[in-house]
Amino acid sequence: MQPATDKHFRLLLPDAGQDIYSPRRSQTWGYRYGPTIMVHNGICEAWFASPGDGYEADWFTYRRSEDGGKTWTHERVVMAPVPNSMDWFSVCDPAVIKYGEYYYIGYTSTVFANGGGVCNNGFIARSKSPTGPFERWCGDGWGELRTVRDTTCRWMGKPAPVIYFDEDWHNWGAGEFSFVIKDDTVYIYYTWTSSDRDGKPIHQTRVATADITDENWPATIVQRGVAVNRPGGGNDSYDVVYCEDLGKFVALSTDYRFSENSLLAVYESDDGLRFTRVNEIKVNTGWMCHNCGISGDEHHHIRKGDALLLAYAYGNQWGCWGTRLHAYDFTAMDEAFYSEAQFDNLHHEVKKIDDPETYVPTVLYLQKPHDLRIRVGDEVEIPLVTGDVTYAMRPAEGNIGYSNYDFDLVSIEGNRITALASGETYVTATLGDLSCEFRVLVTAEAPNEWCPWQPYPEKTVVSFTPLITHYKASLAAREVKQLRGIAVYEDDSWFEVAGKCDGVSYENHTPELFNVDENGHILPTGITGTGRVSLRCGAYTFDVTVSIMP
(Lines give C-alpha, C1' and ligand atoms only; values in the text may rest on other atoms or scores of the structure.)
Protein backbone atom coordinates (compact mmCIF):
# COMPACT_ATOMS: atom_id res chain seq x y z
CA MET A 1 0.00 0.00 0.00
CA GLN A 2 1.33 3.40 -0.95
CA PRO A 3 1.72 5.89 1.93
CA ALA A 4 -0.89 8.65 2.08
CA THR A 5 1.58 11.50 1.56
CA ASP A 6 -1.22 13.98 0.78
CA LYS A 7 -2.58 13.55 4.31
CA HIS A 8 -1.38 14.96 7.62
CA PHE A 9 -0.55 13.27 10.89
CA ARG A 10 -2.94 13.59 13.80
CA LEU A 11 -1.93 12.17 17.17
CA LEU A 12 -4.68 10.67 19.34
CA LEU A 13 -4.22 10.44 23.10
CA PRO A 14 -7.13 8.29 24.37
CA ASP A 15 -6.55 8.39 28.13
CA ALA A 16 -4.50 9.85 30.97
CA GLY A 17 -1.77 7.20 30.80
CA GLN A 18 0.16 5.74 33.72
CA ASP A 19 3.23 6.63 35.74
CA ILE A 20 6.15 4.30 35.10
CA TYR A 21 8.46 6.20 37.46
CA SER A 22 7.70 8.01 40.71
CA PRO A 23 10.24 9.37 43.21
CA ARG A 24 10.57 7.54 46.52
CA ARG A 25 9.28 9.11 49.72
CA SER A 26 12.82 9.57 50.99
CA GLN A 27 13.83 11.56 47.88
CA THR A 28 13.71 15.31 47.44
CA TRP A 29 15.46 14.85 44.10
CA GLY A 30 14.53 12.16 41.62
CA TYR A 31 13.56 11.85 37.97
CA ARG A 32 13.68 9.81 34.77
CA TYR A 33 13.32 12.30 31.93
CA GLY A 34 13.89 12.41 28.18
CA PRO A 35 12.94 8.78 27.50
CA THR A 36 13.91 7.08 24.25
CA ILE A 37 11.68 4.09 23.53
CA MET A 38 12.35 1.22 21.09
CA VAL A 39 9.65 -1.31 20.14
CA HIS A 40 10.90 -4.38 18.27
CA ASN A 41 10.64 -8.16 18.24
CA GLY A 42 7.67 -8.02 20.62
CA ILE A 43 9.47 -6.08 23.34
CA CYS A 44 9.68 -2.45 24.43
CA GLU A 45 13.05 -1.10 25.58
CA ALA A 46 13.47 2.32 27.17
CA TRP A 47 16.39 4.43 28.33
CA PHE A 48 16.04 7.42 30.68
CA ALA A 49 18.16 10.27 32.06
CA SER A 50 18.41 9.88 35.82
CA PRO A 51 20.34 11.69 38.55
CA GLY A 52 24.01 10.87 38.93
CA ASP A 53 25.74 10.82 42.28
CA GLY A 54 25.95 14.60 42.66
CA TYR A 55 29.50 14.82 41.35
CA GLU A 56 28.21 13.76 37.93
CA ALA A 57 24.89 15.29 36.93
CA ASP A 58 23.09 12.53 35.02
CA TRP A 59 23.37 8.81 34.26
CA PHE A 60 21.26 6.58 32.01
CA THR A 61 18.96 3.85 33.26
CA TYR A 62 17.25 1.08 31.27
CA ARG A 63 14.01 -0.91 31.54
CA ARG A 64 12.11 -3.27 29.25
CA SER A 65 8.53 -4.44 28.82
CA GLU A 66 7.19 -7.57 27.13
CA ASP A 67 3.48 -6.68 27.30
CA GLY A 68 3.32 -3.50 25.25
CA GLY A 69 4.38 -1.16 28.04
CA LYS A 70 1.89 -2.24 30.71
CA THR A 71 4.54 -3.62 33.08
CA TRP A 72 8.27 -2.99 33.17
CA THR A 73 11.34 -4.66 34.59
CA HIS A 74 13.32 -3.15 37.44
CA GLU A 75 15.70 -0.53 36.16
CA ARG A 76 19.46 -0.62 36.09
CA VAL A 77 22.10 2.01 35.37
CA VAL A 78 23.64 1.25 31.98
CA MET A 79 25.78 4.29 31.18
CA ALA A 80 27.73 6.90 33.12
CA PRO A 81 30.36 9.50 32.14
CA VAL A 82 33.98 8.66 31.35
CA PRO A 83 36.18 10.22 34.07
CA ASN A 84 38.68 12.85 32.96
CA SER A 85 37.07 13.24 29.53
CA MET A 86 34.90 15.59 27.48
CA ASP A 87 31.77 13.91 28.89
CA TRP A 88 32.97 13.71 32.52
CA PHE A 89 30.09 15.82 33.90
CA SER A 90 27.05 13.96 32.61
CA VAL A 91 25.34 11.73 30.09
CA CYS A 92 21.96 13.41 29.42
CA ASP A 93 19.09 13.19 26.95
CA PRO A 94 19.39 9.64 25.54
CA ALA A 95 18.47 8.80 21.94
CA VAL A 96 18.79 5.18 20.77
CA ILE A 97 18.59 3.40 17.42
CA LYS A 98 19.79 -0.06 16.40
CA TYR A 99 21.49 -0.86 13.11
CA GLY A 100 23.01 -4.25 12.43
CA GLU A 101 24.38 -5.67 15.64
CA TYR A 102 24.88 -2.32 17.41
CA TYR A 103 22.73 -0.11 19.59
CA TYR A 104 23.78 3.52 19.06
CA ILE A 105 23.07 6.00 21.84
CA GLY A 106 23.32 9.76 21.43
CA TYR A 107 23.71 11.98 24.46
CA THR A 108 24.50 15.48 25.74
CA SER A 109 27.40 16.54 27.95
CA THR A 110 29.74 19.41 28.80
CA VAL A 111 32.93 20.24 30.65
CA PHE A 112 31.52 23.61 31.74
CA ALA A 113 30.07 22.41 35.04
CA ASN A 114 31.27 25.69 36.56
CA GLY A 115 28.64 27.47 34.44
CA GLY A 116 25.78 25.24 35.54
CA GLY A 117 25.82 22.92 32.56
CA VAL A 118 26.27 25.31 29.64
CA CYS A 119 28.25 24.93 26.39
CA ASN A 120 26.89 21.45 25.77
CA ASN A 121 28.04 19.16 22.95
CA GLY A 122 26.51 16.08 21.35
CA PHE A 123 28.17 12.64 21.62
CA ILE A 124 27.50 9.10 20.35
CA ALA A 125 28.39 5.68 21.75
CA ARG A 126 27.62 2.10 20.71
CA SER A 127 27.19 -1.37 22.19
CA LYS A 128 26.03 -4.81 21.08
CA SER A 129 23.86 -4.92 24.20
CA PRO A 130 21.11 -2.48 25.21
CA THR A 131 22.69 -2.37 28.68
CA GLY A 132 26.26 -1.67 27.54
CA PRO A 133 29.11 -1.30 28.03
CA PHE A 134 29.08 1.51 25.46
CA GLU A 135 32.14 2.41 23.38
CA ARG A 136 32.38 6.15 22.77
CA TRP A 137 33.04 7.71 19.38
CA CYS A 138 36.53 9.15 19.88
CA GLY A 139 36.89 11.18 16.67
CA ASP A 140 38.58 8.49 14.60
CA GLY A 141 36.89 5.29 15.80
CA TRP A 142 34.97 3.60 18.59
CA GLY A 143 36.48 3.22 22.03
CA GLU A 144 40.17 2.68 22.67
CA LEU A 145 42.23 -0.42 21.89
CA ARG A 146 45.45 -1.23 23.70
CA THR A 147 47.55 -4.38 23.33
CA VAL A 148 49.30 -5.56 26.50
CA ARG A 149 51.67 -8.42 25.63
CA ASP A 150 49.26 -10.95 24.08
CA THR A 151 46.10 -9.39 25.50
CA THR A 152 43.91 -6.74 23.83
CA CYS A 153 42.09 -4.25 26.05
CA ARG A 154 39.08 -2.40 24.67
CA TRP A 155 37.99 0.58 26.76
CA MET A 156 35.13 3.06 26.51
CA GLY A 157 37.55 5.61 25.12
CA LYS A 158 37.94 9.38 25.38
CA PRO A 159 34.76 10.72 23.74
CA ALA A 160 34.91 13.42 21.09
CA PRO A 161 31.85 15.52 20.19
CA VAL A 162 30.11 14.66 16.93
CA ILE A 163 28.18 17.95 17.22
CA TYR A 164 30.43 20.61 18.72
CA PHE A 165 29.03 23.88 20.06
CA ASP A 166 31.37 26.54 18.65
CA GLU A 167 29.65 29.70 19.92
CA ASP A 168 29.97 31.63 23.20
CA TRP A 169 30.30 29.16 26.09
CA HIS A 170 27.77 31.00 28.28
CA ASN A 171 24.92 29.66 26.08
CA TRP A 172 23.24 26.28 26.62
CA GLY A 173 24.75 24.85 23.43
CA ALA A 174 23.96 21.73 21.40
CA GLY A 175 22.57 18.28 22.12
CA GLU A 176 19.30 16.44 22.87
CA PHE A 177 19.65 14.08 19.90
CA SER A 178 16.99 12.12 18.05
CA PHE A 179 17.80 9.62 15.25
CA VAL A 180 15.85 8.20 12.31
CA ILE A 181 17.26 5.75 9.74
CA LYS A 182 15.74 5.83 6.25
CA ASP A 183 17.21 4.54 2.98
CA ASP A 184 20.67 3.90 4.51
CA THR A 185 20.79 7.47 5.83
CA VAL A 186 20.67 8.36 9.50
CA TYR A 187 18.96 11.67 10.20
CA ILE A 188 20.42 13.36 13.27
CA TYR A 189 18.23 15.96 15.00
CA TYR A 190 19.62 18.15 17.76
CA THR A 191 18.86 21.39 19.57
CA TRP A 192 21.00 24.50 19.12
CA THR A 193 20.38 27.10 21.83
CA SER A 194 22.41 30.29 21.62
CA SER A 195 22.15 34.00 20.81
CA ASP A 196 23.10 36.11 17.80
CA ARG A 197 25.24 39.25 17.51
CA ASP A 198 22.30 41.40 18.61
CA GLY A 199 21.69 39.27 21.69
CA LYS A 200 18.53 37.76 20.19
CA PRO A 201 17.93 34.21 21.51
CA ILE A 202 18.35 31.31 19.07
CA HIS A 203 16.13 28.26 19.68
CA GLN A 204 16.55 25.82 16.82
CA THR A 205 16.30 22.16 16.03
CA ARG A 206 18.94 21.41 13.44
CA VAL A 207 19.40 18.34 11.26
CA ALA A 208 22.43 16.52 9.91
CA THR A 209 22.71 13.28 7.96
CA ALA A 210 25.26 10.47 7.75
CA ASP A 211 25.83 7.18 5.94
CA ILE A 212 24.65 4.55 8.43
CA THR A 213 26.20 1.75 6.31
CA ASP A 214 29.68 3.08 7.15
CA GLU A 215 30.89 1.53 10.42
CA ASN A 216 32.43 4.89 11.31
CA TRP A 217 29.34 6.85 10.27
CA PRO A 218 29.90 9.76 12.70
CA ALA A 219 32.84 10.67 10.46
CA THR A 220 30.44 11.08 7.51
CA ILE A 221 28.11 13.63 9.13
CA VAL A 222 26.93 16.43 6.83
CA GLN A 223 25.05 19.46 8.18
CA ARG A 224 21.67 20.00 6.49
CA GLY A 225 20.50 23.20 8.17
CA VAL A 226 17.68 24.23 10.49
CA ALA A 227 14.81 21.74 10.66
CA VAL A 228 12.63 24.20 12.57
CA ASN A 229 12.97 27.43 14.50
CA ARG A 230 11.36 26.61 17.81
CA PRO A 231 8.94 29.25 19.18
CA GLY A 232 11.16 29.78 22.24
CA GLY A 233 12.73 28.16 25.24
CA GLY A 234 9.37 26.76 26.29
CA ASN A 235 9.27 24.53 23.19
CA ASP A 236 11.33 21.50 24.13
CA SER A 237 13.63 19.19 22.21
CA TYR A 238 12.12 17.08 19.40
CA ASP A 239 11.95 13.28 19.22
CA VAL A 240 11.47 12.24 15.59
CA VAL A 241 10.04 9.07 14.00
CA TYR A 242 9.23 8.11 10.41
CA CYS A 243 5.56 7.21 9.86
CA GLU A 244 5.45 4.59 7.10
CA ASP A 245 1.64 4.85 6.68
CA LEU A 246 1.88 8.54 5.74
CA GLY A 247 5.39 8.69 4.29
CA LYS A 248 6.25 11.51 6.68
CA PHE A 249 8.73 12.31 9.41
CA VAL A 250 6.90 13.14 12.63
CA ALA A 251 8.41 15.06 15.56
CA LEU A 252 7.03 15.19 19.09
CA SER A 253 7.91 17.87 21.63
CA THR A 254 6.44 19.54 24.66
CA ASP A 255 5.52 23.22 24.54
CA TYR A 256 4.98 25.68 27.38
CA ARG A 257 7.16 23.21 29.29
CA PHE A 258 7.15 23.38 33.11
CA SER A 259 3.94 25.42 33.01
CA GLU A 260 0.29 24.87 33.88
CA ASN A 261 -0.57 25.19 30.18
CA SER A 262 1.97 22.67 28.91
CA LEU A 263 0.97 20.52 25.93
CA LEU A 264 2.37 18.12 23.34
CA ALA A 265 3.28 19.69 20.01
CA VAL A 266 3.55 17.57 16.85
CA TYR A 267 5.48 18.56 13.72
CA GLU A 268 5.78 16.78 10.38
CA SER A 269 8.04 16.81 7.34
CA ASP A 270 7.98 15.19 3.90
CA ASP A 271 11.77 15.11 3.53
CA GLY A 272 13.04 15.01 7.11
CA LEU A 273 14.80 18.34 6.64
CA ARG A 274 12.12 21.01 7.23
CA PHE A 275 9.22 20.63 9.67
CA THR A 276 5.90 22.41 10.26
CA ARG A 277 3.57 22.23 13.24
CA VAL A 278 0.44 20.11 12.74
CA ASN A 279 -0.94 19.17 16.18
CA GLU A 280 -1.29 20.62 19.66
CA ILE A 281 -2.43 17.91 22.08
CA LYS A 282 -3.69 19.00 25.49
CA VAL A 283 -6.55 16.63 26.37
CA ASN A 284 -5.28 13.83 28.64
CA THR A 285 -1.80 15.44 28.77
CA GLY A 286 -0.26 16.02 32.19
CA TRP A 287 0.57 19.57 33.23
CA MET A 288 4.11 20.82 33.88
CA CYS A 289 5.39 18.30 31.33
CA HIS A 290 8.77 18.39 29.61
CA ASN A 291 11.39 16.29 27.81
CA CYS A 292 9.23 13.78 25.96
CA GLY A 293 9.99 10.73 23.85
CA ILE A 294 7.99 8.79 21.25
CA SER A 295 8.48 5.12 20.47
CA GLY A 296 9.75 3.70 17.22
CA ASP A 297 11.28 0.48 15.97
CA GLU A 298 15.03 -0.14 15.65
CA HIS A 299 15.25 2.55 12.94
CA HIS A 300 12.71 4.76 14.74
CA HIS A 301 9.86 4.02 12.31
CA ILE A 302 6.20 3.66 13.26
CA ARG A 303 3.25 2.02 11.53
CA LYS A 304 -0.32 1.01 12.34
CA GLY A 305 -0.37 -2.17 14.41
CA ASP A 306 2.81 -1.34 16.37
CA ALA A 307 2.78 -0.76 20.10
CA LEU A 308 2.68 3.04 20.00
CA LEU A 309 3.96 4.73 23.15
CA LEU A 310 5.01 8.18 24.27
CA ALA A 311 6.29 9.42 27.61
CA TYR A 312 7.40 12.60 29.35
CA ALA A 313 8.50 13.89 32.74
CA TYR A 314 6.13 16.12 34.71
CA GLY A 315 5.69 17.77 38.10
CA ASN A 316 5.71 21.17 39.80
CA GLN A 317 8.71 20.58 42.07
CA TRP A 318 11.99 21.12 40.28
CA GLY A 319 14.01 17.92 39.94
CA CYS A 320 11.36 15.75 41.61
CA TRP A 321 9.35 14.53 38.63
CA GLY A 322 7.21 11.60 37.68
CA THR A 323 7.44 9.92 34.28
CA ARG A 324 4.12 9.36 32.53
CA LEU A 325 3.63 6.82 29.76
CA HIS A 326 0.76 6.88 27.24
CA ALA A 327 -0.36 4.43 24.60
CA TYR A 328 -1.35 6.61 21.66
CA ASP A 329 -2.81 6.21 18.19
CA PHE A 330 -2.75 8.31 15.04
CA THR A 331 -4.92 8.94 12.05
CA ALA A 332 -4.62 10.77 8.73
CA MET A 333 -6.34 14.14 8.40
CA ASP A 334 -7.00 16.39 5.43
CA GLU A 335 -6.44 19.69 7.22
CA ALA A 336 -2.88 20.85 7.86
CA PHE A 337 -3.34 21.77 11.52
CA TYR A 338 -5.29 20.63 14.55
CA SER A 339 -5.18 22.13 18.04
CA GLU A 340 -6.59 21.35 21.48
CA ALA A 341 -5.00 24.47 22.98
CA GLN A 342 -8.38 25.75 24.15
CA PHE A 343 -8.92 22.69 26.37
CA ASP A 344 -7.45 21.94 29.80
CA ASN A 345 -4.66 19.51 30.45
CA LEU A 346 -4.66 17.25 33.52
CA HIS A 347 -3.44 18.76 36.78
CA HIS A 348 -2.19 15.82 38.78
CA GLU A 349 0.48 15.90 41.45
CA VAL A 350 3.43 13.54 41.44
CA LYS A 351 2.63 10.74 43.89
CA LYS A 352 5.71 9.50 45.68
CA ILE A 353 5.95 5.80 46.47
CA ASP A 354 7.40 3.86 49.38
CA ASP A 355 11.09 3.12 49.53
CA PRO A 356 12.02 -0.49 48.70
CA GLU A 357 11.97 -2.79 51.73
CA THR A 358 15.27 -4.39 50.79
CA TYR A 359 18.43 -2.90 49.34
CA VAL A 360 18.81 -4.06 45.72
CA PRO A 361 21.90 -2.57 44.05
CA THR A 362 21.37 -1.35 40.48
CA VAL A 363 24.75 0.30 39.84
CA LEU A 364 28.42 -0.35 40.64
CA TYR A 365 30.89 2.51 40.52
CA LEU A 366 34.12 3.93 41.90
CA GLN A 367 33.75 6.58 44.60
CA LYS A 368 33.96 10.11 43.27
CA PRO A 369 35.82 11.58 41.51
CA HIS A 370 35.50 8.17 39.80
CA ASP A 371 39.15 7.81 38.86
CA LEU A 372 41.96 6.44 41.00
CA ARG A 373 45.33 8.23 41.30
CA ILE A 374 48.21 6.37 42.90
CA ARG A 375 52.00 6.56 43.01
CA VAL A 376 54.36 3.87 41.74
CA GLY A 377 54.88 1.33 44.53
CA ASP A 378 51.70 2.20 46.43
CA GLU A 379 49.08 -0.43 47.27
CA VAL A 380 45.54 0.71 48.06
CA GLU A 381 42.03 -0.65 48.50
CA ILE A 382 39.83 -0.10 45.44
CA PRO A 383 36.95 2.12 46.70
CA LEU A 384 34.00 0.56 44.85
CA VAL A 385 30.43 1.23 45.96
CA THR A 386 26.95 0.21 44.88
CA GLY A 387 23.72 2.21 44.69
CA ASP A 388 20.02 1.35 44.55
CA VAL A 389 17.14 3.08 42.77
CA THR A 390 17.39 6.02 45.19
CA TYR A 391 21.20 6.00 44.76
CA ALA A 392 21.71 5.22 48.42
CA MET A 393 25.40 4.29 48.48
CA ARG A 394 26.99 1.28 50.19
CA PRO A 395 30.49 -0.23 50.00
CA ALA A 396 30.56 -2.95 47.35
CA GLU A 397 30.54 -6.40 48.91
CA GLY A 398 30.94 -9.84 47.37
CA ASN A 399 33.15 -11.48 44.81
CA ILE A 400 34.30 -8.57 42.64
CA GLY A 401 36.14 -9.45 39.45
CA TYR A 402 38.69 -7.17 37.76
CA SER A 403 39.70 -7.45 34.12
CA ASN A 404 40.52 -5.56 30.93
CA TYR A 405 43.46 -3.54 32.31
CA ASP A 406 47.13 -2.96 31.56
CA PHE A 407 48.91 -5.38 33.88
CA ASP A 408 52.26 -3.78 33.04
CA LEU A 409 51.05 -0.73 34.98
CA VAL A 410 49.07 -2.26 37.86
CA SER A 411 48.43 -5.58 39.56
CA ILE A 412 45.20 -6.45 41.37
CA GLU A 413 44.84 -9.07 44.08
CA GLY A 414 41.50 -9.42 45.79
CA ASN A 415 40.25 -5.84 46.15
CA ARG A 416 43.69 -4.22 46.37
CA ILE A 417 45.59 -2.56 43.54
CA THR A 418 49.37 -2.05 43.35
CA ALA A 419 50.98 0.53 41.07
CA LEU A 420 53.88 -0.92 39.04
CA ALA A 421 54.80 1.76 36.47
CA SER A 422 53.75 5.26 35.41
CA GLY A 423 50.92 5.53 32.93
CA GLU A 424 47.16 5.35 32.49
CA THR A 425 44.88 2.35 32.33
CA TYR A 426 41.20 1.59 32.68
CA VAL A 427 39.86 -1.31 34.71
CA THR A 428 36.60 -3.21 34.33
CA ALA A 429 35.01 -4.29 37.62
CA THR A 430 32.20 -6.86 37.75
CA LEU A 431 29.89 -7.78 40.63
CA GLY A 432 27.13 -10.21 39.65
CA ASP A 433 25.30 -8.58 36.71
CA LEU A 434 26.68 -5.11 37.54
CA SER A 435 29.84 -3.71 35.99
CA CYS A 436 31.71 -0.46 35.61
CA GLU A 437 34.90 0.84 34.05
CA PHE A 438 37.17 3.23 35.96
CA ARG A 439 40.39 5.05 35.22
CA VAL A 440 43.67 4.52 37.08
CA LEU A 441 46.46 7.09 36.75
CA VAL A 442 49.86 5.97 38.04
CA THR A 443 52.44 8.70 38.68
CA ALA A 444 56.09 8.66 39.72
CA GLU A 445 55.48 11.33 42.37
CA ALA A 446 52.57 11.84 44.75
CA PRO A 447 49.52 12.43 42.50
CA ASN A 448 47.57 15.66 42.49
CA GLU A 449 43.84 15.74 43.06
CA TRP A 450 42.01 16.44 39.84
CA CYS A 451 39.32 19.08 39.77
CA PRO A 452 37.83 19.72 36.32
CA TRP A 453 35.46 22.47 37.39
CA GLN A 454 37.35 25.50 36.16
CA PRO A 455 40.37 26.76 34.17
CA TYR A 456 43.65 27.42 35.96
CA PRO A 457 45.39 30.37 34.24
CA GLU A 458 47.88 30.66 37.12
CA LYS A 459 49.24 27.14 36.45
CA THR A 460 51.89 26.18 33.91
CA VAL A 461 50.42 24.99 30.61
CA VAL A 462 52.06 21.84 29.19
CA SER A 463 49.91 21.58 26.04
CA PHE A 464 47.30 23.57 24.16
CA THR A 465 45.37 21.84 21.37
CA PRO A 466 42.26 22.56 19.27
CA LEU A 467 39.01 20.62 19.38
CA ILE A 468 38.16 21.87 15.89
CA THR A 469 40.37 23.63 13.36
CA HIS A 470 37.77 25.13 10.99
CA TYR A 471 35.06 27.57 12.09
CA LYS A 472 32.24 28.66 9.75
CA ALA A 473 30.19 31.79 10.47
CA SER A 474 27.09 32.87 8.56
CA LEU A 475 26.54 36.56 7.87
CA ALA A 476 22.79 36.04 7.44
CA ALA A 477 22.45 34.20 10.76
CA ARG A 478 24.63 36.77 12.56
CA GLU A 479 26.36 33.97 14.45
CA VAL A 480 29.01 34.64 17.09
CA LYS A 481 31.64 31.92 16.94
CA GLN A 482 34.12 31.59 19.80
CA LEU A 483 37.66 30.25 19.36
CA ARG A 484 38.61 27.84 22.16
CA GLY A 485 41.15 25.12 22.89
CA ILE A 486 42.06 22.49 25.47
CA ALA A 487 44.75 23.57 27.95
CA VAL A 488 46.50 20.84 29.95
CA TYR A 489 48.35 21.95 33.08
CA GLU A 490 51.42 20.61 34.83
CA ASP A 491 49.37 18.75 37.46
CA ASP A 492 47.38 16.77 34.82
CA SER A 493 44.31 19.02 35.21
CA TRP A 494 42.81 20.51 32.05
CA PHE A 495 40.00 22.67 30.75
CA GLU A 496 38.51 24.07 27.55
CA VAL A 497 39.65 27.68 27.64
CA ALA A 498 38.87 30.91 25.79
CA GLY A 499 39.69 34.56 26.19
CA LYS A 500 42.03 36.75 28.15
CA CYS A 501 40.69 35.66 31.55
CA ASP A 502 41.71 32.05 30.76
CA GLY A 503 45.15 33.08 29.51
CA VAL A 504 44.35 32.80 25.80
CA SER A 505 45.47 35.42 23.28
CA TYR A 506 44.61 35.71 19.59
CA GLU A 507 46.52 36.90 16.50
CA ASN A 508 44.17 37.68 13.63
CA HIS A 509 45.84 37.28 10.22
CA THR A 510 42.77 38.39 8.21
CA PRO A 511 41.38 41.61 9.75
CA GLU A 512 39.65 42.58 6.50
CA LEU A 513 37.22 39.63 6.95
CA PHE A 514 36.61 39.70 10.69
CA ASN A 515 37.73 40.99 14.04
CA VAL A 516 38.59 38.81 17.04
CA ASP A 517 37.83 40.30 20.46
CA GLU A 518 39.66 39.46 23.68
CA ASN A 519 37.11 36.71 24.45
CA GLY A 520 37.81 34.93 21.18
CA HIS A 521 34.58 35.98 19.45
CA ILE A 522 34.65 36.18 15.65
CA LEU A 523 33.00 39.43 14.51
CA PRO A 524 32.64 39.52 10.68
CA THR A 525 33.17 42.81 8.85
CA GLY A 526 30.54 41.94 6.23
CA ILE A 527 32.59 40.29 3.48
CA THR A 528 32.75 36.58 2.72
CA GLY A 529 36.00 34.68 2.52
CA THR A 530 38.39 32.48 4.49
CA GLY A 531 41.03 33.61 6.96
CA ARG A 532 43.32 32.42 9.74
CA VAL A 533 43.75 33.06 13.47
CA SER A 534 46.56 31.95 15.78
CA LEU A 535 45.62 31.03 19.37
CA ARG A 536 48.21 31.06 22.16
CA CYS A 537 48.05 29.79 25.72
CA GLY A 538 51.27 29.71 27.75
CA ALA A 539 54.11 28.71 25.43
CA TYR A 540 51.86 26.84 23.02
CA THR A 541 50.07 27.97 19.89
CA PHE A 542 47.96 26.59 17.04
CA ASP A 543 46.17 28.00 14.00
CA VAL A 544 42.51 27.70 13.00
CA THR A 545 40.74 28.49 9.75
CA VAL A 546 37.72 30.81 9.80
CA SER A 547 35.29 30.94 6.86
CA ILE A 548 32.75 33.74 6.59
CA MET A 549 29.76 32.44 4.67
CA PRO A 550 26.89 34.42 3.07
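The values are calculated or read from the model by the stated rules, or taken from the named source; none is laboratory data. Because the structure is a prediction, the values reported are computed rather than measured. Methodologically, a virtual Cβ is constructed for each residue, glycine included, from the backbone with ideal geometry; neighbour enumeration extends over all protein chains shown. Side chains are part of the model used for accessible areas, which takes the heavy atoms of the whole protein and leaves out ligands, DNA and RNA. Shrake-Rupley method; radii C 1.70, N 1.55, O 1.52, S 1.80 Å.
Considering the dipole of region 456-549 built from charges on the beta carbon (Lys and Arg +1, Asp and Glu -1) around the Cα centre, which of Ala473, Asn515, Ile486 is farthest to its positive end?
Ala473
Describe numerically, in nm with one decimal, the distance between label points set 7 Å from Cα along Cα→Cβ at Thr5 and at Gln18.
It is 4.0 nm.
At a Cα cut-off below 12 Å, give the aspartates and glutamates reachable from Lys500, other chains included and same-chain residues fewer than 8 away excluded.
Filter leaves Asp517, Glu518.
If you place +1 on the Cβ of every Lys and Arg and -1 on the Cβ of every Asp and Glu, how big does the dipole about the Cα centre of region 21-161 come out, in debye to the nearest 20?
240
For region 1-125, what is the accessible area per residue in Å², given a 1.4 Å probe and the full set of protein chains?
Accessible area per residue, region 1-125: 33 Å².
How large is log10 of I(q)/I(0) for region 121-249 at q = 0.12, 0.22 Å⁻¹ when the intensity is taken from the Debye formula with one equal scatterer per alpha-carbon?
Debye curve over Cα of region 121-249, log10 I(q)/I(0) at q = 0.12, 0.22 Å⁻¹: -0.56, -1.34.
For the chain, with the dipole built from +1 on Lys and Arg beta-carbon atoms and -1 on Asp and Glu ones, taken about the Cα centre, which of Tyr190, Thr331, Cys501 lies farthest toward the positive end?
It is Thr331.
Hey, can you grab everything whose amide H is under 5 Å from the amide H of Leu346? Only 5+ residues off in sequence or another chain; H modelled, so Pro and N-termini drop out.
Asn284, Thr285, Gly286, Trp287
Can you give the charge dipole size of region 244-369 about its Cα centre, rounded to the nearest 20 debye, using +1 on the beta carbon of Lys and Arg and -1 on the beta carbon of Asp and Glu?
Using only the charged Cβ atoms, the result is roughly 460 debye.
With r defined as the distance between the Cβ atoms of Glu490 and Arg416 and R0 fixed at 45 Å, what FRET efficiency is calculated, to the nearest 0.05? Mind showing how you got there, number by number?
On the way: r = 30 Å, r/R0 = 0.66.
After rounding, the FRET efficiency stands at 0.90.
Please work out the Kirkwood hydrodynamic radius for region 456-550, using every pair of different C-alpha atoms, and report it in angstroms with one decimal place.
13.5
Which aspartates and glutamates does Lys200 reach when only Cα atoms under 12 Å apart count, and residues fewer than 8 places away in its own chain are ignored?
Within the straight-line limit of under 12 Å, Lys200 reaches these aspartates and glutamates: Glu479.
Provide His509, His40 ordered by accessible surface of protein heavy atoms (probe 1.4 Å), highest first.
Putting His509, His40 in descending order of accessible area: His509, His40.
Just the number please: accessible area per residue for region 294-378, 1.4 Å probe, all protein chains included, in Å².
47
Roughly how many debye, to the nearest 20, is the charge dipole of region 80-215 about its Cα centre, given +1 on each Lys and Arg Cβ, -1 on each Asp and Glu Cβ, and no other charges?
380
Taking the solvent-accessible surface of protein heavy atoms with a 1.4 Å probe, what is the per residue accessible area of region 394-530 in Å²? Please report the intermediate quantities before stating the final value.
On the way: 6350 Å² over 137 residues.
Result: 46 Å² of accessible area for each residue.
Which order do Asp388, Asp184, Asp344 take when ranked by solvent-accessible area (1.4 Å probe, heavy atoms of all protein chains), largest first? All intermediate terms of the calculation are to be shown ahead of the outcome.
Working: Asp388 10, Asp184 85, Asp344 130 Å².
Largest accessible area first, the residues go Asp344, Asp184, Asp388.
Roughly to the nearest percent, how much of the accessible area of the chain is carbon and sulfur, given a 1.4 Å probe?
Roughly 49 percent of what the probe reaches on the chain is carbon or sulfur.
Any of Lys158/Lys182; Lys248/Lys472; Lys98/Lys282; Lys282/Lys351; Lys98/Lys481 with alpha carbons more than 24 Å apart? Name them for me.
Beyond 24 Å between Cα atoms: Lys158/Lys182; Lys248/Lys472; Lys98/Lys282; Lys98/Lys481.
At Asp329 and Lys182, where each label point lies 7 Å from the Cα along Cα→Cβ, what is the point-to-point distance in nanometres?
If labels sit at Asp329 and Lys182, their model points lie 2.5 nm apart.
For region 90-214, build the charge dipole from Cβ charges (+1 Lys, Arg; -1 Asp, Glu) around the Cα centre, then report which of Ser178, Gly100, Trp155 sits farthest towards its positive end.
Farthest along the dipole direction, towards plus: Trp155.
Roughly how many Å² of Phe123 are accessible to a 1.4 Å probe, to the nearest 10?
Accessible area of Phe123: about 0 Å².
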